[in-house]
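J.: Next up is a structure, given as structure tokens.
The values are calculated or read from the model by the stated rules, or taken from the named source; none is laboratory data. Predicted model only: the values in this text are computed from it and were never measured. When we count neighbours, we look across all protein chains shown, and the Cβ atoms used for this are built from the backbone with ideal geometry, even at glycine. Protein only, heavy atoms only, side chains kept; ligands, DNA and RNA dropped before computing areas. Shrake-Rupley method; radii C 1.70, N 1.55, O 1.52, S 1.80 Å.
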Amino acid sequence: MLWWSWRIFIFLFQAASSQDTLNNTSRSSHECWTSVQAERECCTNDKLSGALQQDCFDSIFTVAECCDGKLDGEDTALVFPDAPHEPSLAIRGHPAVSDVQRRFEAQHEQASQKAVFNWKLEGSLSIRMTLRCFKRDISMESQLRALDDYFRIAEQHQVVPNGVVLDIGAAAGAFAIAVALHSALHFVSVRVYAVEPSPHNYRYLLWNIRENNVTASVWPLNIALRGISQRSPLHLHYSPVWPVASWYCPSSSETDCAFQ
């Protein structure tokens, strides 16, 4: 079954390296403070008023990044993730545990959100999932609503043993990981191929795969897919605010979405 899945996979789609197809920029970060005095006022006052809180911090300039305990005025905050491309087939072992990925996680610990979700299934069964994403990402609620529907439908059908799932446009991995966790809950083996062209999303996909302990069942691919007959250049865009779509963002302007 796996062999035929790969034959179909290769026949239907043309894979392109995300390094060639994604409009990417180098690391982008901004200085947090204009002076040491500004840092002192914002970082050492435990009882900031609402107005001053807004003046000091927002979705880019966060307490975690801008207040490191040293009053030197030299802190910086990431505007976009600093996500290196790493071809999945060029490394040994699972990409989620590579040295490059470990460095990414260490560098982005303070610039990331972490949330834990629990779903109650039939009987006494439940699923617990940990998801990390970039600090500016506002798409998590939308993804979780989709997972509610998935679990509701999945519980009404028998899980197929040794199944193969293609998650095309995996983003940070919510669906791919949900499939793996749900299958493991029912003691069923499944292989999920999570395809994500954006190196920014891909790094969080790897992080979430490892953190949810599903490296044995989820294999990530940092590539873009398109119909084999399509020959025109493929241009993708990334938004740190709404990273689950290349062109759409539920915001009033493209500036708010911050597309690259």
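J.: For H186, H157, H108, what's the largest-to-smallest order of accessible area, 1.4 Å probe?
T.: H157, H186, H108
J.: Hey, another quick one. Shape of region 103-181 from its Cα gyration tensor (a ≥ b ≥ c, root eigenvalues): rounded if a/c is under 1.5, otherwise prolate when a/b > b/c, or oblate?
T.: Note, shape of region 103-181 comes out prolate.
J.: Quick check: net charge around D72, other residues with Cβ under 12 Å of its Cβ, Lys/Arg +1 and Asp/Glu -1?
T.: So the surrounding residues net to -3.
J.: Now, a different point. Could you sort S229, S28 by accessible area so the largest value comes first, with the probe set to 1.4 Å? It would help to have the intermediate numbers written out before the result.
T.: Values: S229 100, S28 30 Å².
Ranked from most to least accessible, the order is S229, S28.
J.: How long is the gain from H186 to R231 if the chain were fully straight, where each residue apart is worth 0.36 nm and the alpha carbon distance is subtracted?
T.: 11.9 nm
J.: Okay, moving on. Would you work out which of C66, Q156, S98 lies farthest towards the positive end of the dipole of region 50-157, given +1 charges on the beta-carbon of Lys and Arg and -1 on that of Asp and Glu, about the Cα centre?
T.: Working it through, the farthest residue towards the positive pole turns out to be Q156.
J.: Not counting ligands, DNA or RNA, and with a 1.4 Å probe, what is R191's accessible surface area in Å² rounded to the nearest 10?
T.: Roll a 1.4 Å probe over it and R191 shows about 70 Å².
J.: Hey, another quick one. With all protein chains present, calculate the accessible area of R132 using a 1.4 Å probe and round the result to the nearest 10 Å².
T.: 20
J.: What number comes out for accessible area per residue over region 101-260 if the probe is 1.4 Å? Units Å², please. Don't skip to the answer; put the middle values down first.
T.: Numbers: 7600 Å² over 160 residues.
Per residue, region 101-260 has 48 Å² of solvent-accessible surface.
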